[in-house]
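This report concerns only the one structure given below.
We did not get these values from a lab; they are worked out from the coordinates using the rules stated. All values derive from a computational prediction rather than experimental measurement. Here Cβ is always computed from backbone atoms with ideal geometry, including for glycine, and neighbour counts include all displayed protein chains.
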Amino acid sequence: MLMLKKNKLIFFISAFTLMLCISAARTEDRELYIEQTLVVKSKNDFALFTNKDRIEIEGDLIIEASSLYDLTGFSNVERIFGNLIIKNNPLLKEVSHFTQLVEVEGDIIIENNDSLKQVKSFPVLERVESVSVINNKTLSEFAFSNNVNTITNSLMISENPELNKISGLNKIQIIMSDFSIISNKTLSSVDFLNSLELLNGSLIVKNNAKLNKISFNKLKSIGANLIIENNSALSHALLNNLQTIGTLTASAKLRIKNNPHLQTVKLNTLEPLNNVEVSTPNNPKLSKNSVKKLMNLTPEHMKYLDEIDNIK
C-alpha cells in the first residue's frame, strides 16, 4: 500500500456514471488510493484519475459493458486489492495498458469481449490469485507476465475460438488449483508452461480441435485429475517428469479419451496409481502396450486396461 498521508477528500460525483462507491480517497501529490470498487463504462468514469502517477484500488476494478475501444489511461494502476474484471465490452479491441500493475490480490477475468484481438498488458505483474480468459470470440493472442511464479488458485483458458498464441506463462512454477484449456479451436500447442512443477488441482485439456502437442517438461505432481479428452488433432502428450497423480483427492481420474490421432503419451516416471481411475478408450493410434510401458500401473489397472475396447 502506498505510504500516503491520511488527508481524505470525499468525491460526490453525480455528473459521471461512476457507480464507484468510492467513499473516500487519500491523495498526496500525484498518488491516489481508492477505498472501494471502481466500475468503468466510459472514459469519463476514470478521467479524474488519469493525472496521477500511482493508483491503488482497495476493491475491484470492473470494466464492463463499456464503450471503450482500448484501456488507455490505466497505466498508472499499481495495485488492485480485489479483482480485475474485463467483461462484456463489445468494442474493446486490445488490453495492453496495465504497464505498472504489480499485484492483483484477487482474480483477473477477461470474458465475453467480442471484438478483443490481443491481451498484452501485464509486463511487471508479480502476484495474482487466478486467471480466466473465457469466450472472447476474436482473441488471437494472450501474453501474460513473465514475473508470476505462483497462481494461488486456478488458470483457465477456455472458448476462445481464434486463440493461437499464448505467452508470458513460462515462469509459473506452481498452480494451487486447476489448469484448464478447453474449446480453443485454433490453438495448436500447449507448451507455454515449461517451468510448472506442481499442480494441486486437475490438468484438463479438452475439446481443442487443432491441438497437436501437449508438453509439460517439468511437471512432477498433479493433485487431482489428469484429463486429455476430445482433441481431434492431438498426436503427442509429453509429461516426461510426472511422478504422481491424485495425491490430494480420494477419487482421482487419469482419463485419456477420444483423441483419434494420439500416438505418443510419455509419463515415464509415474509412480503406482493407487485410488486412481484409469481410462484410455477411443485412441485408435495409441497401442495398449505403449500405455502399459509408459505408466507404472498397479496390477488392478493392468487388468482394467486389458478390458478396454477401441485401443490396439
For segment 158-221, rounded, prolate or oblate, judged on the Cα gyration tensor with a ≥ b ≥ c (square roots of eigenvalues), a/c < 1.5 rounded, else prolate if a/b > b/c?
prolate
Footprinting proxy, Thr37, Thr280: sorted fewest to most Cβ within 10 Å, the residues are Thr37, Thr280
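Given charges of +1 on the Cβ of Lys and Arg and -1 on the Cβ of Asp and Glu, with all other atoms neutral, how large is the dipole of segment 77-169 about its Cα centre, in debye to the nearest 20? It would help to have the intermediate numbers written out before the result.
Details: 8 positive and 12 negative charges, 48 e Å.
Result for segment 77-169 is approximately 240 debye, rounded to the nearest 20.
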So, R0 is 41 Å and r is the distance between the beta-carbons of His261 and Thr72; what FRET efficiency does that work out to, to 0.05?
0.40
So how do Phe81, Phe179 line up by other beta-carbon neighbours within 10 Å, fewest first?
Phe81, Phe179
First check a/c for segment 94-251, with a ≥ b ≥ c the square roots of the eigenvalues of its C-alpha gyration tensor; if it is under 1.5, answer rounded, and if not, answer prolate when a/b is larger than b/c or oblate otherwise.
oblate
